[in-house]
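Here's the structure we're looking at; comments come further down.
Each reported figure results from applying straightforward, stated rules to the coordinates on display, with no laboratory input. It should be emphasised that the depicted structure is a prediction, and the values quoted were computed from it without experimental measurement. Counting neighbours? That spans all protein chains shown, and the Cβs are built from the backbone with ideal geometry, glycine included.
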Amino acid sequence: MQSIENIQQPIGSGFDAGSTTDEVIKGIDLNGKTAIVTGGYAGLGLETVKTFVKAGATVIVPVRDKAKAIANLQGIGNVTIEEMDLMDPVSINDFAGKFLAAGQPLHLLINNAGIMWSPLIRDSRGNESQFSTNHLGHFQLTARLWPALRNAGGARVINVSSWGHHYSPFHFEDPNFEHREYETLLGYGQSKTANILFTRELDIRGKAFGVRSFTLHPGAIVDTDMKRLLSKEKLMELGIYDKDGHTIYDAAKGLKTIPQGASTIVWCATSPKLDNIGGVYCENNEVATIDENGNDNTNRNSLNLHGVMPYAIDPESAKRLWMMSEQMTATTFDI
């Protein structure tokens with residue numbers, strides 16, 4: 001078995017930071033394939049749904065805001081909307097149960113929905129909201145949908161992470177900020193590290209059944225909810241707005257349009273060049289390198305962070321998080 005260090009390196013995808021969803025899906029036929037895309041009614045998720053449908057897939061979109069989903073998905077064929085809230089374990093089980101009852105295989109599971117810049121909010125189990133939404137909800141959903149993934153005869157699970165995982169390793173002793181001061185970016189960072197650790201362990205356990213898993217950083221996509229969540233001044237400070245308050249688009253720095261940002265999601269989900277590997281972190285439509293300088297933050301900001309932190313692909317941490325996630329979601333991931 002190849003180690004993650006050996007496969008966590010570029011493979012010559014033929015695409016780059018500026019590539020779009022239309023470019024990476026060209027020549028890919030998804031007729032007969034079924035996909036589930038969380039958060040598939042806005043931003044990157046909506047672009048992913050549109051791309052899959054154009055390639056022939058049937059797509060199910062679990063939604064928390066049904067009215068918004070109906071409005072945003074109007075006119076797109078082969079899409080079914082079902083209600084689900086990633087912070088509500090009962091609704092996750094209900095959604096998965098309904099899908100399994102239909103008896104159809106699941107070829108693509110895109111765990112895309114997420115929150116950022118959240119104040120300290122806890123779910124019904126007491127878990128911090130970013131950890132709950134970004135990781136625990138998706139862990140439970142994937143576990144419940146496992147029979148359909150296994151029965152697909154070849155499936156991929158894509159966990160959308162972020163360069164934000166550089167902000168924090170996973171804090172096993174206090175993931176819910178019960179004994180340390182809450183800082184929103186630390187909460188976000190550890191949830192994105194959790195996405196990567198989950199991907200690694202899921203790929204190890206799932207590949208014998210033809211289920212491979214990938215994770216990625218899509219880019220800093222300002223044309224999503226970021227504009228709503230951050231002030232103009234903060235966006236200028238982050239280098240996303242220029243001095244006149246206009247959006248900067250520079251794919252090389254990660255400042256991408258929505259079709260550029262969603263392209264790495266689509267590439268991870270469909271590229272034949274990834275058929276024989278898995279468990280890797282990708283960016284800019286390519287397998288990323290390991291960031292060995294990640295602990296040196298001199299002259300570093302979100303626009304020059306590249307690669308995956310070693311702590312996010314640590315095998316023992318991945319196993320430990322898997323067991324903790326089963327306990328925290330009261331879910332047995334029976335592979």
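Brief remarks on what is shown
- Ranking of Cys282, Cys268 by count of other Cβ atoms within 10 Å, fewest first: Cys282, Cys268
- Look at [x] 0.93; [y] 0.99; [z] 0.97: the one that is Rg/Rh (Cα atoms, Kirkwood Rh) derived from this structure is [x].
- Averaging the sequence gap over all C-alpha pairs within less than 8 Å and six or more residues apart, then dividing by the number of residues, gives the stretch 1-77 a relative contact order of 28 percent.
- For the pair Ile7 and Arg122, label points projected 7 Å from Cα toward Cβ lie 3.9 nm apart.
- Helices in the chain, meaning DSSP H runs of at least 4 residues, each add -39500 (n - 2.57). Divided by all residues, the mean residue ellipticity at 222 nm is -10500 deg cm²/dmol.
- Cβ-placed point charges (K, R +1; D, E -1), dipole of the chain about Cα centre in debye, nearest 20: 840 debye
- Each DSSP beta bridge with both residues in the chain is either parallel or antiparallel, and the antiparallel ones are about 15%.
- Percent RCO, i.e. relative contact order, over the stretch 38-157, from Cα pairs under 8 Å lying at least 6 residues apart: 25 percent
- When you restrict to C-alpha pairs under 8 Å that are six or more residues apart and normalise by the size of the chain, the relative contact order lands at 22 percent.
- Ordering Val63, Val266 from the fewest to the most neighbouring beta carbons within 10 Å gives Val63, Val266.
- Flagged links, alpha-carbon separation over 25 Å, of Lys192/Lys319; Lys66/Lys98; Lys68/Lys207: Lys68/Lys207
- Cross-link partners of Lys33 among lysines (Cα-Cα below 17 Å; sequence separation of 8 or more within a chain): Lys50, Lys54
- The GluC sites (Glu not before Pro) found in the stretch 178-207 that occupy coil by DSSP, while having at most 14 further C-beta atoms within 10 Å, are Glu178, Glu181, Glu183.
- Per-peptide average of other Cβ atoms within 10 Å, ordering 164-177, 31-44 highest first: 31-44, 164-177
- The length gained on full extension between Val90 and Ile70, counted as 0.36 nm times the residue separation minus their Cα-Cα distance, comes to 4.9 nm.
- Efficiency of FRET between Ile335 and Asn31 - r from beta-carbon atoms, R0 30 angstrom, step 0.05: 0.60
- In this calculation the C-beta distance from Arg180 to Lys234 is compared with R0 = 22 Å, giving a FRET efficiency of 0.35.
- Three-way shape call for the stretch 175-278 based on the alpha-carbon gyration tensor, with the a/c threshold at 1.5: oblate
- Shown here for the stretch 63-139: trypsin sites (Lys or Arg not before Pro) in loop regions (DSSP other than H, G, I, E, B) with at most 13 other Cβ atoms within 10 Å, namely Arg125.
- In this calculation the C-beta distance from Ala208 to Thr289 is compared with R0 = 30 Å, giving a FRET efficiency of 0.65.
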